[in-house]
1. At q = 0.07, 0.14 Å⁻¹, work out log10 I(q)/I(0) for the chain with the Debye formula, treating every Cα as an identical point scatterer and leaving solvent out; two decimals please.
2. Say we join alpha carbon atoms closer than 10 Å with springs in a Gaussian network model of the chain; which of Gly123, Gly322, Gly273 then has the biggest fluctuation?
3. Determine the dipole magnitude for the range 219-369: charges of +1 sit on the beta-carbon of Lys and Arg, -1 on that of Asp and Glu, nothing else is charged, the reference point is the Cα centre, and the result goes in debye to the nearest 20.
4. Of Gly379, Pro46, Thr412, which is farthest along the charge dipole of the chain in the positive direction, counting Lys and Arg as +1 and Asp and Glu as -1 at C-beta?
5. Separation of the range 61-108 and the range 314-374 by C-alpha centroid, Å?
6. What's the extension gain from Ala104 to Glu78 if we count 0.36 nm per residue and subtract their Cα-Cα distance?
7. Where in the range 342-415 are there chymotrypsin sites (Phe, Trp or Tyr not before Pro) that are in a DSSP coil and have at most 13 other Cβ atoms within 10 angstrom of their Cβ?
8. Springs between alpha-carbon pairs under 10 angstrom, Gaussian network model over the chain: which of Asp409, Asp202, Asp340 fluctuates most?
Amino acid sequence: MSSPSSVLAATAVPAAAPSSAALPVAVLGGGAAGFFGAIACAEANPSQPVFLLEKSPKLLSKVRVSGGGRCNVTHACESAAQLMQHYPRGSRGLKEAFQRFGVADTVAWFAQRGVQLKTEADGRMFPTTESSETIAQALESAARQAGVHVFTRTAVERITPLPTGGFELILSGEGNTRLGSPLRVGQLLVATGGSAKAEAYDWLRALGHSVAPPVPSLFTFNVPASPLRELPGVSVPHARVVLAGEKLQYEGPLLVTHWGVSGPAVLKLSAWGARRLHELAYHGTALISWVPAHTDDTLRAWAQQYRQENGKKQVAAHPQFGLPTRLWRTLMAEAGLGADARWSEVPAKAQNRLLELLLRTPLQVQGKTTHKEEFVTCGGIPLAEINFQTMESRRVPGLYFAGEVLDIDGITGGFNFQAAWTTGWLAGRSLALAQP
């Protein structure tokens, strides 16, 4: 990982600079939104010093681990209207933002910097190198070329708005010795990401903002007593997951894990139902349909016809609907069917039970599992407090926001990164244009 000195040499700024016009811009957060905002600002106004401050020793951590190390950069959507449909929270504010910087702009931005993206069958877009390091290096290179001053191990302990405009930052860590503390900046972009802890937002409340309570989004379901517990690694390309008693359901690929169920269908359901699932303490009944194209009537009609035409066939030897053999046989066993049963010998009660399991396998959810590196939160700065033309705070002049610190979150598939690129670019351009 690059150290501050190897990323860019920084220039110290006197704490007693005379006015906000002479002060640098500071960007808090060395993730996707922070880098994109810093680069956009520095490129649009090369004479404006831009300081990017990251409290940890690592830059672009989530970029490097996302998509299994491949980095799902964005998602192939033809229009802003299509793109905004994939955000459980924030879609209204993002509609106009996506019209100004959308998927095509993201693809072009990376292409101009030597990174080509490819589109997979499900619409997800990755670098052709299949490596997230390609994206991280492109961002770091763009920051260097734009003249962004990057500091790791630099935490901001306190932010004080100045009466003449701008902010005074009390720093700790390496930035304290390299930049000096207090550090005065003319404008401030907050791109610190989301957090599961409500107290993590206290410093933003102190500046005058309210905060939508943070809760996890994009998580898997823990099912300790799962009837599928012997099937880890088994997946189906198309299933429906319904939360019993709630108006929550989603269709998509599903993966059986050691601890329960995962895959896009579960992750997307968890995003749309993030607040309700939090209220339920992540307990409830998930009903899995392995044949989402069927209803009770159509599946019953299929069974009657199949049984008439294939009565001598062993049920276990001929899995139906493209289901994996291990899953099919597990459902058989749950229905009370023996391994040697033939269709003509299946009792009506057992057949009805099998059909019910195909349509609604009940799983008792008792908790969640979140991959720490790819953590996404529902919550943050309410969008009503942000001017989406500029990403500037409506409450604190000179304060801007981008990325997951906002009450914006998308479903899995590259949508959270697209929101980071879009809001970061808008904020960075606005910061540059606001400078003299």
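Every number here is computed from the coordinates shown, using simple stated rules; none is lab data. Just so it is clear, the structure is predicted and the values come from calculations on it, not from any experiment. Cβ: placed from backbone, ideal geometry, glycine included. Neighbour counts: every protein chain shown.
1. Log10 I(q)/I(0), no solvent term: -0.42, -1.19.
2. Between Gly123, Gly322, Gly273, it is Gly322 that shows the largest mean-square fluctuation.
3. On the way: 17 positive and 11 negative charges, 16 e Å.
My answer is approximately 80 debye.
4. The listed residue farthest towards the positive side: Thr412.
5. 37 Å
6. 8.5 nm
7. Filter output for the range 342-415: empty list.
8. Among Asp409, Asp202, Asp340, the largest GNM mean-square fluctuation belongs to Asp340.
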